[in-house]
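Down below is the structure, laid out as structure tokens.
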Amino acid sequence: MNIGIVCYPTYGGSGVVATELGMALAQKGHQVHFISYQQPVRLSSFTENIFYHEVSVSDYPLFDYPPYELVDVVKFEKLDLLHVHYAIPHASAAYMAQQILKAESIKIPFITTLHGTDITLVGRDSSFEPVITFAINQSTAVTAVSESLKKDTFEHFKVNREIKVIPNFVCIEGCDRPETDLELKASMAPNGEHILAHVSNFRKVKRVEDVVKVFAKIRKKMPVKLLLIGDGPDRHMAEAFCREKGISEDLKVLGKVKDTERVLGIADLFLLPSESESFGLAALEAMAAGVPVISSNTGGLPEVNLHGFSGFLSNVADVDDMAENALDLLQNPEKLAQFKLQAFGQAKKFDILNILPMYENLYNKVINE
């Protein structure tokens, strides 16, 4: 198949998933054309079946958020379908391209994948609601990354069509848990302390203050280090909190790192106390590194992190319960070891080898309709 993938090129979950999906499709022999305003961050090198089309974004004041120009790419690359990630502006741009090409007797179906922010945040702005509803209903097919997000979409929009749930995924090589980088672990925890980790864009919705509150509560009971991975508006608040509490010497702020798998692999627990998560890709990536997850029970997280098996779930903002659950594992080495194995086993269910055929089957269906 000749597939166009329209996505944001950033570190966010949708861009990561779209890029990894495209690279996996290319490895299977499909032609994959990435269409974005910058090269996706995970697209570090080009392979035989991958092409990148950079979209020029006008800086003219009337076009702060212009739709992507997809018509030329579809026409001249002879694409079979478009797979767009996010309802706006990508699905609306795909619909416009579809209608323009229809006048030239060119058929181009498009699949819209909903990732969360377009539904749970942007979509609840009443000014966007009609456009998002229209774009979803006009898509040839629609997928959502979790049952929770599918439910939210039907609840908040007047959607009159089927939405298929195809979850996010991780790329797991081999059947065994990845080996821990002992040298890196020793550099982060030189006295053998347990290591907590958190990865996010440090926006308010991630409740980073709760991350450091849980860390502080655990630290009162036992030696522990906290690794903050990523960057965003609430990172400085987290650092200030730790300085105020006198625990900043046990905080490691790593910023944006490309090899997050290597860093996650040295952690004992992953903290994700988010106020909202449509899926919880960061939790899944931690589990793929064999790290149990202490998370909130919001959105799609219960579909990923199984309570009492791959980690523990708590109500949003219940930092006492999160700390107790974390200590239950950290103070019981055998139980922690078992949870690490179970977390990796749960992550394997979301291996791309299991998820990729779902997309391929859907692609074939919309092409042949």
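All of the numbers you see were taken from the coordinates with simple rules; none came from a lab. Remember, it's a predicted structure, so these values are computed and weren't measured experimentally. Cβ placement follows ideal geometry from the backbone for every residue including glycine, while neighbour counts extend to all protein chains displayed.
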Practice task
Compute the relative contact order of the chain as a whole-number percentage, counting only Cα pairs closer than 8 Å that sit 6 or more residues apart in sequence.
Solution key: 13
Fill in the blank from the handout: Among segment 133-175, those whose backbone N falls under 17 Å of a label point 7 Å along Cα→Cβ from residue 369 are 133-144, 159-166
Practice task
State log₁₀ I(q)/I(0) for the chain at q = 0.12 Å⁻¹ as given by the Debye formula over alpha-carbon point scatterers of equal weight, solvent excluded.
Solution key: -0.90
Fill in the blank from the handout: Looking only at lysines whose Cα falls under 17 Å of residue 151's and that sit 8 or more positions away or on another chain, we get 164
Completion exercise
Packing-ranked peptide list from 267-274, 299-306, 316-323, highest mean Cβ count within 10 angstrom first, is 267-274, 299-306, 316-323
Handout entry: Mean Cα-pair separation over length for segment 171-325, i.e. relative contact order, pairs under 8 Å, 6 or more apart, %
Key = 24
Problem - Furthest towards positive pole of dipole, 199, 330, 255, structure part segment 182-348, Cβ charges - result: 255
Completion exercise
For residue 203 and residue 183, extending 7 Å from Cα along the Cα-Cβ vector and measuring point to point gives, in nm, a value of 3.7
Exercise for the section: Grab the Cα-Cα distance for residue 336 and residue 321, subtract it from 0.36 nm times how many residues apart they are, and report the gain in nm with one decimal. Expected result: 3.7 nm
Problem - Computed label-point distance, nm, for sites residue 176 and residue 191 using a 7 Å Cα→Cβ extension - result: 3.3
Fill in the blank from the handout: Between the residues 34, 233, 55, the Cα farthest towards the positive end of the dipole of the chain, that dipole coming from +1 and -1 charges on the beta-carbon of Lys, Arg, Asp and Glu, is from 233
Completion exercise
Helix 319-330 sits off the longest principal axis of the Cα atoms of the chain, rounded to the nearest 10 on a 0 to 90 degree scale, by 70
Practice task
Please determine, in degrees from 0 to 90 and to the nearest 10, the orientation of helix 352-368 with respect to the longest principal axis defined by the Cα atoms of the chain, where the helix direction is its Cα long axis.
Solution key: 20
Practice task
Among the chymotrypsin sites (Phe, Trp or Tyr not before Pro) in segment 94-199, which ones are in a DSSP loop with at most 16 other Cβ atoms within 10 Å of the Cβ? Mind listing them?
Solution key: 128
Completion exercise
Simple SL model, points at 7 angstrom along Cα→Cβ for residue 306 and residue 354; separation in nm is 0.9
Exercise for the section: Using Cα centres only, tell me the gap between segment 66-115 and segment 179-233 in whole Å. Expected result: 42
Exercise for the section: Place a +1 charge on the Cβ of each Lys and Arg in the chain and a -1 charge on the Cβ of each Asp and Glu, then give the dipole magnitude about the Cα centre in debye, rounded to the nearest 20. Expected result: 260
Exercise for the section: Find, among the GluC sites (Glu not before Pro) in segment 98-203, those assigned to loop by DSSP (not H, G, I, E, B) with at most 10 other beta-carbon atoms within 10 angstrom. Expected result: 104, 162, 173, 179
Exercise for the section: Any lysines with Cα under 19 Å of the residue 335 Cα? List them, leaving off those in the same chain fewer than 8 positions away. Expected result: 221
Exercise for the section: For a quick protection proxy, order the peptides 197-210, 235-248 by their average other-Cβ count within 10 Å, most packed first. Expected result: 197-210, 235-248
